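**Student:** If you scroll down you'll find the structure; I have some questions about it.
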Amino acid sequence: MTEALQVEHVAKRFGALTALRDVNLRLDKGEVLGLIGDNGAGKSTLIKIICGFHRPDSGRILVDGDEIVLRSVDHARSVGIDTVYQDLALVNELSVYHNMFLNRELVHWPLLNNRAMRKRAKAHLDDMGIKIPDVSIEVAKLSGGQRQEIKVARYKGCVCK
Amino acid sequence: MGFARTAGEALTRRREASVAVVAIGLMIYFQLSAPVFLTHDNLVNIAQAAAPTAIVAVGIVLLLVSGEIDLSVGMVFALAPFLMRYAVDFYGVPAIPAILLAFVLAAGIGFVNGFISIRLRVPSFVTTLGTFYFLQGVVLTTSHAYPAEIPEPARGDIQRWLGAGDWAELTWCLIIVGVFHVVLTRTRWGLHTISVGGNLLGATEAGIKATRIKIGNFMITSVLGAFAGIMEAFRVNTIDPNLGGGTGVTFTAISAAVIGGTALAGGSGTVIGAFLGAVVLAELQNGFNLIGISANPFFLVLGTAILVSMVANQYLSRLRRAGRT
Amino acid sequence: MGKSHPKVTEAVDTLDLNPVTRRRLLTGTGMFSASLAATALLGACSDKQQSAAGEIGNFPKTPKWKFVFVNHVTTNPFFTPTQYGAEDACKLLGVGYQWTGSKDSIVAEMVNATNTAITGKADGLALAVVDKSAFKAPVDQALDAGIPVVSYNADGARDDPGTNRLAYIGQGLYESGYELGRRALEKVTGGDVVGFIATPGQLNIQPRIDGATQAIKDSGKPINFTAVATNADITKGLSIIDAYVQGHPNVAGMLAVDAGSTQSIGQVVEKYKMRDKGLKVAGGFDLVPETLAAIKGGSLDYTIDQQPYLQGFLPVLALYFYKISGGLLFPAETNTGLLFVTKDGVEPYQTTKTRYEGSDTAKKLVDRSGAIPHP
């Protein structure tokens with residue numbers, strides 16, 4: 001049985017600082033893995049490499065048994081890897097539905113198809129049981145908990161492993 | 001649901017309302033003080049003063065929203081008509097292609113601004129300060145600091161349609177303001193511009209190519225500056241090496257953007273507000289001149305008026321925000 | 001603040017001064033206000049004062065006309081006496097003026113100010129025509145609207161005034177440059193002569209250096225004349241002139257065509273003691289204090305006075321006469337003078353502070369006695 005994700009001998013340096021030396025990781029389909037470490041251990045760096053934000057200095061990543069070189073976050077997303085970040089990755093000035101569709105907006109070229117996005121966003125949130133009064137209001141006006149919910153909901157729209 | 005949405009839209013539009021109120025208030029004040037204020041000819045004067053500033057301010061808004069600034073646009077404004085002239089007079093290029101060539105070169109300047117600011121990580125304030133002086137040197141050296149005449153092939157219809165006609169400048173201005181209002185509020189480009197300015201890290205992590213957005217906005221600003229500069233040269237019928245006014249155009253455009261409601265910090269801005277801001281500034285200039293205030297006290301009055309307008313603007317904005325929730 | 005004799009107060013009131021000047025006069029030193037009060041009383045007695053309501057002197061009653069002065073460097077101190085001149089003429093004739101334009105020589109701003117004056121229905125326009133193409137349309141518009149227009153201080157290019165203004169009131173720019181050059185030729189017979197100009201191309205000073213160039217060429221003498229740009233900013237100009245001199249220590253003559261460059265030449269000549277070396281002549285324009293000091297000290301040989309006061313006073317008269325005579329008294333081309341100020345005559349300029357030179361706001365009668373110098 002091929003693992004969903006394999007990370008082999010990954011290393012990453014930032015100048016003189018070695019963030020990861022020789023990391024190996026295996027994730028089966030349906031498995032939930034918790035990554036624990038001290039501050040500065042390199043958890044964020046590893047996650048960033050897996051989701052395509054950084055390139056490893058050495059080592060390789062395999063998705064469903066196939067080795068893949070991740071070119072960008074978009075590329076990672078297209079092969080099924082997506083991330084919810086610890087730092088608040090929402091744009092305060094934008095509405096809930098714009099945040100949920102960030103960089104994946106629906107367009108009625110050349111304009112945005114706001115109506116469709118609103119509909120889908122509302123449907124998603126209802127699906128997940130998240131109660132947001134109006135998807136058109138600015139994210140800045142939501143409570144901390146609501147913002148967290150939006151972020152999780154944001155990535156529900158993609159096909160993730 | 002439908003009602004909430006229309007109310008929502010109305011609320012957004014109201015951000016520009018505070019500036020609009022100031023603009024209308026000034027109009028009333030000046031009309032009462034100098035009854036010729038609202039005559040056809042004087043409205044043309046105001047339109048011709050506001051239009052170039054507004055066009056440049058549109059670009060400035062895009063940049064400010066994305067978290068950057070461009071101090072050199074006033075010099076692109078001055079240089080562009082010279083570039084057009086050199087192309088026509090020295091290289092025999094016909095008028096319209098010469099103008100387009102000036103735009104292309106302006107876009108190049110914008111690219112350089114963006115590249116240095118984003119790729120080489122120099123704060124855009126500093127970068128564009130440098131290009132400002134550099135371009136000033138280019139203008140002065142190539143023109144020998146002489147004013148130049150509008151090249152022959154560009155006179156007549158082209159000159160009229162592109163600036164000299166009474167309402168030409170205003171028409172182009174409204175078209176540009178309209179287009180970029182849509183861009184900023186209803187396209188991916190605008191959305192990404194806001195994202196990059198509002199939360200650069202978050203936007204990048206979502207995969208938005210911040211570099212491309214920012215450099216693109218620098219290029220847009222420079223081209224708009226070039227367009228406004230050529231328009232003004234046509235209107236005034238001379239190519240003036242002083243036209244960039246040193247810092248005049250840049251200052252006024254940034255003021256218009258900020259008076260109109262665009263935050264200097266980034267992430268939020270309004271193109272329509274910038275247009276209204278430019279109208280406010282033009283009204284102040286024109287109105288006080290009509291009343292008869294002479295040059296020295298003029299600056300006193302203008303500065304006070306800008307401060308008062310801004311305070312009124314802030315106050316009205318706060319009222320609006322309080323009324324919302 | 002002592003108490004003045006009520007008659008004195010009454011007399012001063014007839015002068016219709018602004019409150020500051022009035023207070024200053026009433027509390028001024030004895031001789032000062034007494035002589036002025038005497039003048040006022042005499043004036044009140046003669047029938048040359050306002051007789052019927054609204055009439056001024058021998059002229060009929062007129063509406064309070066407004067004449068607009070459009071200038072290219074509105075805050076430049078050179079034009080302060082110009083504004084005093086305009087103000088004094090207006091007071092004399094019962095009309096008003098507005099001083100507007102651009103602070104930094106931006107032609108578009110001047111055009112805007114002109115257009116505003118036209119829509120504001122100004123009664124007359126005085127324009128410094130610093131660009132030969134930009135003002136043609138606005139001036140035509142003004143004339144079409146029945147507004148008389150004169151130019152002052154600058155009048156387009158030498159061969160092309162560029163506008164249909166009714167008359168030019170100012171110094172003959174090319175001619176003054178020519179004289180600048182000619183006078184230099186009295187002391188220099190050959191070698192290198194440099195001419196400094198703050199902003200090349202600008203039409204209120206470029207013709208001067210053109211004139212100087214031509215004068216030197218016409219002389220036929222083996223002089224090598226170079227024009228060098230300095231800067232509108234005096235401190236930068238000073239550095240440029242300094243650097244030039246260091247590179248050309250044997251220059252035979254140094255000329256300048258604007259106030260800033262002239263002042264800087266004086267300073268540089270003094271600094272490098274160039275009069276002891278090969279420098280035969282140094283001269284320029286305008287009467288800023290530094291320049292006057294340099295003339296007194298011998299670093300500069302001469303400077304040319306443009307009489308900016310008259311450049312404000314005379315346009316008002318010209319426009320007034322045009323309007324009061326229904327256009328029959330047409331503005332006349334007026335040369336506001338080309339006066340050379342040299343070491344012999346410089347002292348009164350330095351010591352007297354008057355409205356006419358812009359160095360004081362108070363009105364005063366400047367005494368002069370003795371023979372008038374002449375060649």
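**Student:** Before rounding to the nearest 500, sum -39500 (n - 2.57) across all DSSP H runs of length at least 4 in chain A and divide by the residue total; then give [θ] at 222 nm in deg cm²/dmol.
**Tutor:** Details: 5 runs with 45 residues, N = 161.
For chain A, the value works out to -8000 deg cm²/dmol.
**Student:** Give me the inter-chain shielding for B:139-147: mean count of other chain Cβ atoms within 10 Å, whole number please.
**Tutor:** 4
**Student:** Next up: For region B:14-324, what does the alpha-carbon gyration tensor say about shape, rounded, prolate or oblate, given a ≥ b ≥ c as the root eigenvalues, a/c under 1.5 as rounded, and a/b over b/c as prolate? Working shown, then result.
**Tutor:** On the way: a/c = 1.74, a/b = 1.04, b/c = 1.68.
The shape class here is oblate.
**Student:** If you don't mind, another one. Which GluC sites (Glu not before Pro) does region C:270-375 hold that lie in a coil by DSSP with at most 16 other beta carbons within 10 Å?
**Tutor:** Taking region C:270-375 and a limit of 16 other Cβ atoms within 10 Å, the loop GluC sites (Glu not before Pro) found are C:Glu333.
**Student:** Of all DSSP beta bridges in region C:99-174, what percent run antiparallel (nearest 5)?
**Tutor:** 10
**Student:** Compare the Cα positions of C:Ile56, B:Leu170, C:Val257 along the charge dipole of the protein assembly as shown (+1 at Cβ of Lys, Arg; -1 at Cβ of Asp, Glu; about the Cα centre) and return the one farthest towards the positive end.
**Tutor:** The residue sitting most towards the positive pole is B:Leu170.
**Student:** As a check on your grasp of the helix formula, calculate [θ] at 222 nm for chain B: sum -39500 (n - 2.57) over DSSP H runs of n ≥ 4, divide by the residue count, round to the nearest 500.
**Tutor:** Values: 13 runs with 240 residues, N = 325.
Value at 222 nm, helices only: -25000 deg cm²/dmol.
**Student:** Among the lysines, which have Cα under 22 Å from the Cα of A:Lys48 when same-chain residues fewer than 8 positions away are ignored?
**Tutor:** Candidates past the 8-residue exclusion: A:Lys12, A:Lys29, A:Lys151, A:Lys156, A:Lys161, B:Lys209.
**Student:** From the protein chains alone at 1.4 Å, what is the descending order of accessible area for B:Phe275, B:Phe134, B:Phe111, largest first? All intermediate terms of the calculation are to be shown ahead of the outcome.
**Tutor:** On the way: B:Phe275 40, B:Phe134 140, B:Phe111 90 Å².
Sorted by accessible area, descending: B:Phe134, B:Phe111, B:Phe275.
**Student:** Let me ask something additional. Using 19 Å as the Cα-Cα cut-off, could you pick out the over-long pairs in C:Lys64/C:Lys103; C:Lys66/C:Lys136; C:Lys121/C:Lys323?
**Tutor:** Numbers: C:Lys64/C:Lys103 27 Å; C:Lys66/C:Lys136 22 Å; C:Lys121/C:Lys323 14 Å.
The pairs that break the limit, which is 19 Å between Cα atoms, are C:Lys64/C:Lys103; C:Lys66/C:Lys136.
**Student:** Just to confirm my numbers, what's the Cα centroid distance between region B:145-218 and region C:164-179 in Å?
**Tutor:** Rounded to whole Å, the Cα centres lie 44 Å apart.
**Student:** Between helix A:114-128 and chain A, what is the angle of the helix's C-alpha long axis to the longest principal axis, kept within 0 to 90° and rounded to the nearest 10?
**Tutor:** The angle comes out near 70 degrees.
**Student:** Next up: Please name whichever of B:Val258, B:Ile99, B:Ile24 sits farthest to the positive end of the charge dipole of region B:14-324, dipole taken about the Cα centre and charges placed at Cβ: Lys and Arg +1, Asp and Glu -1.
**Tutor:** The residue sitting most towards the positive pole is B:Val258.
**Student:** Still on this structure: Determine the shielding of peptide C:112-123 by partner chains: average, over its residues, the number of Cβ atoms on other chains within 10 angstrom of each Cβ.
**Tutor:** Mean inter-chain Cβ contacts per residue within 10 Å come to 6.
**Student:** Quick check: from the Cα gyration tensor, does region C:165-294 come out rounded (a/c under 1.5), prolate or oblate?
**Tutor:** Oblate, since a/c reaches 1.5 and b/c is not below a/b.
**Student:** On average, how many beta carbons from a partner chain sit within 10 Å of the beta carbon of a residue in B:284-292?
**Tutor:** Shielding by partners across B:284-292 averages 5.
**Student:** Tell me which of B:Thr187, B:Leu224, B:Ala50 sits at the most positive position along the dipole axis of region B:14-324, charges placed on C-beta atoms (Lys, Arg +1; Asp, Glu -1).
**Tutor:** In region B:14-324, that residue is B:Thr187.
**Student:** Using the Cα centre of the protein assembly as shown as the reference point, and only Cβ charges (+1 on K/R, -1 on D/E), how large is the resulting charge dipole? Debye, rounded to the nearest 20.
**Tutor:** 2300
**Student:** Highest GNM mean-square fluctuation, chain A, Cα pairs closer than 10 Å: which of A:Val135, A:Val32, A:Val69?
**Tutor:** Evaluated over chain A, the most mobile residue of the options is A:Val32.
**Student:** From the Cα gyration tensor of the protein assembly as shown, with a ≥ b ≥ c the square roots of its eigenvalues, which class applies: rounded if a/c is under 1.5, or else prolate if a/b is larger than b/c, or else oblate? It would help to have the intermediate numbers written out before the result.
**Tutor:** Details: a/c = 2.65, a/b = 1.92, b/c = 1.38.
Prolate, because a/c is 1.5 or more and a/b exceeds b/c.
The values are calculated or read from the model by the stated rules, or taken from the named source; none is laboratory data. Nothing here was measured: the structure is a model prediction, and the numbers come from that model. Virtual Cβ from ideal backbone geometry, glycine too; neighbours counted across all protein chains shown. Ligands, DNA and RNA are excluded from the accessible area calculation, which covers all protein heavy atoms including side chains. Shrake-Rupley method; radii C 1.70, N 1.55, O 1.52, S 1.80 Å.
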